[in-house]
Structure formats: C-alpha cells, structure tokens
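Read-outs: derived from the displayed coordinates by stated rules, not from any lab. What you see is a predicted model, and the numbers here were worked out from it, not measured in a lab. A quick note on method: Cβ atoms are made from the backbone with ideal geometry, for glycine too, and the neighbour counts reach across all protein chains shown.
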Amino acid sequence: MKKILIIGATSAIAEATARLHAEDGDRLALIARNESHLEAVAQDLRQRGAESVSSFVMDANDFARHEEVLAAADESLGGIDFALIAHGTLPDQELCERSAQSMRDEFSTNCTSTLSLVTVLANMLEPRGAGSIGVITSVAGDRGRASNYVYGAAKGAVGLFLGGLRNRLHGSGVHVLTIKPGFVDTPMTADFSKGPLWATPSVIAKGIRSAQKRRRDVVHLPGFWLMIMLLIRLIPERIFKRLSI
Ligand SMILES: NC(=O)c1ccc[n+]([C@@H]2O[C@H](COP(=O)([O-])OP(=O)(O)OC[C@H]3O[C@@H](n4cnc5c(N)ncnc54)[C@H](OP(=O)(O)O)[C@@H]3O)[C@@H](O)[C@H]2O)c1
C-alpha cells in the first residue's frame with residue numbers, strides 16, 4: 001500500500017493516474033478546487049479499491065493555504081510516498097498578448113503556484129529522506145512558439161526549477177520526476193482536432209506510474225515525443241523564428 005497525494009485531482013490525467021493507484025489498493029489524498037467534481041472522483045476511487053480517499057478543496061492560486069492544506073493531506077495519509085502535481089490551464093494566448101494581467105494570472109496557475117507547492121512538498125519530504133514528487137509540465141516547455149509561449153514559458157520554467165530541485169535533493173532519498181506529455185485528449189484540449197500524435201489520459205497515467213516506480217528524472221509521454229522535441233530543439237533560432245508551427 002502506497003500513500004499518494006494528487007494536486008489538481010480532477011484533471012483527466014490525474015484521475016487516470018489515481019485510478020491505477022486505487023486499483024492497487026493505495027491510500028489517496030486528493031486536492032482540487034471544484035468540490036463536487038472532487039467528491040465524485042473520490043467516490044469513484046473508493047469503489048475502485050483505494051484503501052482510503054481523503055479530499056481537500058483548494059485553488060492552487062490560494063498561496064496562503066498551501067502549507068496548511070498540504071500538512072492536512074500529509075496527516076490524512078500518514079506520510080507521502082508519491083505526490084503528483086497536475087493542475088493547469090491552457091491560456092488564451094492572444095488574450096495574454098493583449099493583457100499583461102491575464103498573462104500574469106496564467107503564469108501564476110501554470111508556474112508560480114506549482115513552484116510554491118513543490119517547495120512546500122520538498123521541505124516536508126527532505127528531512128524524511130524518502131518520497132517522490134512528480135510534476136506534469138509539457139513538451140510545450142521545450143521551445144517557445146508564437147501560438148502558446150505563455151503556457152510554454154510557464155511549463156519550461158517549472159522544468160528548469162525541477163532540474164535545480166533534483167540537483168539539490170540528489171542523495172537525500174527524495175525523487176523528483178518531470179513529466180512532459182505531448183498531445184493528450186482531455187477537457188483541456190476538447191476544442192482541438194485530434195490525430196495520430198494524440199494519446200489518452202490512461203496511456204499517460206501508465207507512463208507516469210512506470211516512471212515514478214523506476215525513479216526516472218525526466219520523461220516525455222508517450223516516449224516518441226523525446227525524439228520529436230530533440231528535432232524541434234535542433235532547428236536554429238534564425239530559421240525557427242520564421243516558422244509557423
Ligand atoms: N491535455 C494535454 O494535451 C496536455 C499536454 C501536456 C501537458 N498537460 C498538462 O497536464 C496537466 C493536466 O491537464 P489535463 O490535460 O488532464 O486537463 P484537464 O482535465 O482540463 O485538467 C486541468 C485541471 O487543472 C485544474 N485547475 C486549473 N486551474 C486550477 C487552479 N487554479 N487551482 C486548482 N486546480 C486548477 C482544473 O480544475 P477545474 O476542473 O476546477 O477547472 C482541472 O482539474 C496540466 O498541468 C496540463 O498543463 C496537458
């Protein structure tokens with residue numbers, strides 16, 4: 001039995017990951033902002049075999065509550081084996097170009113709130129010398145593009161932060177996992193037309209669980225995105241800036 005904390009637990013990818021843990025009979029603590037959706041997810045996980053499921057309502061941008069809510073979730077679990085941070089939004093890029101306030105709000109949701117939560121979690125786990133922290137970033141964070149650079153910059157900054165944290169915690173016993181999905185068919189991408197590069201939340205969930213068990217550092221999910229992003233990063237900036245991708 002493992003003790004699993006999931007922040008952004010109503011996300012489709014988070015829910016698919018939580019289901020795998022419920023089927024293993026793990027103990028779960030869930031944090032999300034939508035109380036009725038959160039309760040529905042919790043009830044489903046109980047029926048799927050979770051040893052216990054506790055839930056906590058919190059908006060990730062409510063920074064003043066991060067320490068208190070994470071401490072309560074930790075107490076309900078009796079410790080944390082794996083904490084997954086999954087919340088996020090896909091910003092309206094054009095709105096963020098017109099409005100610096102919108103850009104800051106999106107950056108807060110997709111970057112600063114995550115960095116705050118990760119900092120609290122790291123400081124909880126480091127003295128215990130055990131546990132994993134997994135954070136869902138995105139392949140969008142690997143290179144800035146005109147169509148989504150607010151989202152990409154936020155995810156990229158989280159990835160850089162996690163690299164530093166991993167370096168800090170190396171040797172401490174605490175594992176830090178950066179999860180970079182490509183296109184995933186979830187409510188976040190409901191308006192996109194889908195194609196062969198798209199994955200389901202359950203495929204990503206299996207990848208997250210496997211990467212966490214193997215104590216990987218950084219994973220692209222599905223794995224073929226590693227090659228795609230390597231090629232995209234190889235394009236010289238003087239050419240890349242002219243492309244519309
Ligand atoms: N779908 C993709 O193609 C894709 C690709 C790469 C990375 N990702 C990342 O994967 C993660 C999960 O997204 P998803 O695809 O599973 O989409 P999703 O089902 O739309 O989930 C997004 C979740 O984030 C929550 N959220 C947003 N703002 C929040 C806030 N301020 N406080 C608390 N919760 C908040 C949403 O809660 P509400 O339901 O209450 O709004 C929702 O549960 C995100 O970090 C996303 O950026 C997704």
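Could you list, ordered by first residue, the pairs with Cβ atoms under 6 Å in which the first is in region 152-163 and touching a residue at least 40 places away in the same chain (Cβ under 8 Å) and the second is hydroxyl-bearing (Ser, Thr, Tyr), at least 6 apart or interchain?
155/137; 155/138; 158/114; 158/137; 159/137; 159/178; 162/178
Please verify whether residue 55 is within 30 Å of residue 23 (Cα to Cα) and of a type in the set (S, T, N, Q), treating the condition exactly as stated.
Criteria met by residue 55.
Select from region 123-150 the residues that are part of a strand (DSSP E or B) and under 15 Å from residue 183 (Cα atoms) and list them in ascending order.
136, the sole residue that qualifies.
One residue is enough: does region 93-104 have a residue meeting the conditions surrounded by 16 or more Cβ atoms within 10 Å (Cβ to Cβ) and either among the aromatic types (Phe, Trp, Tyr) or under 17 Å from the mean Cα position of the chain (by Cα) (or both)?
Taking every residue of region 93-104 in turn, none turns out to be surrounded by 16 or more Cβ atoms within 10 Å (Cβ to Cβ) and either among the aromatic types (Phe, Trp, Tyr) or under 17 Å from the mean Cα position of the chain (by Cα) (or both).
Is there any pair with a first residue in region 24-48 that is in contact (Cβ under 8 Å) with a residue 24 or more places away in the chain and closer than 13 Å to residue 58 by Cβ and a second that is charged (D, E, K, R) and surrounded by fewer than 16 Cβ atoms within 10 Å (Cβ to Cβ) whose Cβ atoms are under 8 Å apart and which are 6 or more apart or on different chains, and what are they?
Within 8 Å, the pairs are 33/59.
All but one of (1) surrounded by 24 or more Cβ atoms within 10 Å (Cβ to Cβ); (2) within 13 Å of the ligand (Cβ to nearest atom); (3) within 17 Å of residue 209 (Cβ to Cβ) hold for residue 16; state the number of the condition that does not hold.
(1)
Does region 59-80 contain at least one residue that is β-branched (Val, Ile, Thr), over 19 Å from residue 124 (Cβ atoms) and over 16 Å from the mean Cα position of the chain (by Cα)?
No, every residue in region 59-80 fails to be β-branched (Val, Ile, Thr), over 19 Å from residue 124 (Cβ atoms) and over 16 Å from the mean Cα position of the chain (by Cα).
So in region 176-234, with the set limited to residues that are in a loop (DSSP other than H, G, I, E, B), near the ligand (Cβ under 9 Å from one of its atoms) and not aromatic (Phe, Trp, Tyr), which one is nearest to residue 122 (Cα to Cα)?
182
How many residues does region 43-65 contain that are within 30 Å of residue 112 (Cβ to Cβ), of a type outside the set (Asp, Glu) and either away from the ligand (no atom under 16 Å from the Cβ) or not in a helix (DSSP H, G or I) (or both)?
Result for region 43-65: 8.
For region 189-206, which positions are in contact with an Asp or Glu (Cβ under 8 Å, 6 or more places away or on another chain), surrounded by 14 or more Cβ atoms within 10 Å (Cβ to Cβ) and farther than 9 Å from residue 17 by Cα?
198, 199, 200
Scan 166, 209, 233, 215 and give me the residue that is basic (Lys, Arg) and more than 18 Å from the chain's Cα centre (by Cα).
233
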